[in-house]
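To keep things clear, I will list the structure first and then write my remarks on it.
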Amino acid sequence: MPLASFFLDTDSRVYANIEIQAIQAALTSGKGLLWIDIAEPDESDQRVLLDEFEFHPLVVDGVINPDVRSARVEDFGEYIFVNARSVDYTAESEVVQTTDMGMFIGQNFVVTIHNSDMPSVEAVKQLVEIDGRPMMKSPGFFAHALFDALIQAILPTLDRMVDRADAIEEQVLTDPDQSALIALMSLKRSCLSLNRALAPQREVLNRLGRREFDVIGHGVDLYFRDLADDLVRVQASNDVIRERADTSLATYLSVVGNRQNEIMKVLSIVATVFLPLGLIAGLFGMNFDNMPGIGFRWGYHIIVGISVFAAGLVAWMFWIKRWVIAGAGFFRPRRLRSFVPQAVDPIRLAGFLGNTVTRNMQRMEAVVTSEQRPIPRWRPSVLQRINPANLRRTSQRKRPPSD
């Protein structure tokens, strides 16, 4: 039940790991910004959510349950509940696994709940511990920072899936085998898993950007729409990987079919070569008394030895050319070994997410600063210097610069 708590007061001072009495005081005052992060919640955390925050029991019961839930947003008047999904970096599976994060957003608080460690939350937590910048504005802007890190956390997994698709394509073109087919199916399942997780989340971000909820505020809605565009690009990248997997599968089937045709051609050649030998064997197999070589003492052993050597030579040739696939994986290692898409260094991932969230916050601050500047007006003295006689020529020039 690891519970992390942060409180930003009106003087922009951040307090970490505050007690339950301070949490009650912050909720009662309605000032500042309170963030509660709960990992692997238990019954005691459930009591805090019900007694202190007075969240709806059904929502609390659902967010405590470790079952996978679809992304959604629900409005409860004084607060909203958002369920978001991202890549589960604690899973060790060849297919991408996703995990949930429940988020309660109120007038002066944000509560996040997740059943596994999430690098996106850890990255935002490190930024809060440094200077508290993500919590400086409002709960809506802080929720935007959490969502931003949540979406950016998918990119490293997509990059690894792109590298895997490149390796599969090269393997399929040069030496297709069963390992390439297994890797292809795992990659397709990973793409479908990501698509099931991200498709409903796009509608969630669109609703948060439509000014439906008062707790979000009217200044952050544009940035949520920008996050929805980022999610569309992530989905497009995932769709490209899935299309590449489909193309690789078609190429694999085509290459295997061509190889079978080549094997049938060589078998036909071998059968044609051995036709005279069959004819000779048939001739010497006739039951006549006067046949050459019948009285030779070692004739039978020589013929058997030659037959065994010829059979072994043909079998060895088939195995070298890999026309005999059965048992080939026992004698040689597979080219494409096991692959875990979400096997990313957690330290590097946290650094990447922290830099990305910081860069996006700086961009947001620059936009807000430019929007708060007063609109420049034309100076009358500049307009009075325009000569009516030169109106045609003046209208073709640029407008006078403003202060």
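The values are calculated or read from the model by the stated rules, or taken from the named source; none is laboratory data. None of the values given here were measured: they were computed from a predicted structure. Here the Cβ positions follow ideal geometry from the backbone for every residue, glycine too, while neighbour counts run over all protein chains shown.
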Residue hits (segment 130-144; of a type in the set (A, V, I, L, M) and closer than 18 Å to PHE81 by Cβ) are ALA143
Within segment 169-193, the residues that are of a type in the set (A, V, I, L, M) and in contact with a Phe, Trp or Tyr (Cβ under 9 Å, 6 or more places away or on another chain) are VAL172, ALA180, LEU181, ALA183, LEU184, LEU187
- prompt: more than 18 Å from ALA4 (Cβ to Cβ), in contact with a helix residue (DSSP H, G or I) (Cβ under 7 Å, 6 or more places away or on another chain) and not hydrophobic (A, V, I, L, M, F, W, C) - does that describe any residue in segment 77-86?
  reply: yes
Filtering segment 200-219 down to residues that are over 29 Å from ASP159 (Cα atoms) and either touching a helix residue (DSSP H, G or I) at 6+ places or on another chain (Cβ under 6 Å) or among the hydroxyl-bearing types (Ser, Thr, Tyr) (or both) yields ARG211, ILE216, GLY217
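Conditions tested, residue by residue: (1) touching a residue at least 40 places away in the same chain (Cβ under 8 Å); (2) within 26 Å of LEU155 (Cβ to Cβ); (3) in the same structural domain as ARG359 (by TED's automatic domain parsing); (4) not hydroxyl-bearing (Ser, Thr, Tyr).
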| residue | (1), (2), (3), (4) |
| --- | --- |
| VAL68 | no, yes, yes, yes |
| ALA71 | yes, yes, yes, yes |
| ASP75 | yes, no, yes, yes |
| THR99 | no, yes, yes, no |
| MET103 | yes, yes, yes, yes |
| VAL110 | yes, yes, yes, yes |
| HIS114 | yes, yes, yes, yes |
| PRO119 | yes, yes, yes, yes |
| VAL124 | yes, yes, yes, yes |
Heads up, the strands (runs of 3 or more DSSP E) in segment 49-154 (entirely inside) with at least 3 residues that are within 17 Å of LEU231 (Cβ to Cβ) and not aromatic (Phe, Trp, Tyr) are 80-87, 98-105
Contact list, first residue from segment 275-290 and not assigned by TED's automatic domain parsing to the domain that holds ILE303, second anywhere and at pLDDT 70 or above and basic (Lys, Arg), beta-carbon distance below 9 Å, six or more apart or interchain, is none
Take the conditions modelled with pLDDT of 90 or more, in a helix (DSSP H, G or I) and surrounded by fewer than 21 Cβ atoms within 10 Å (Cβ to Cβ) and apply them to VAL204. Does it pass? no
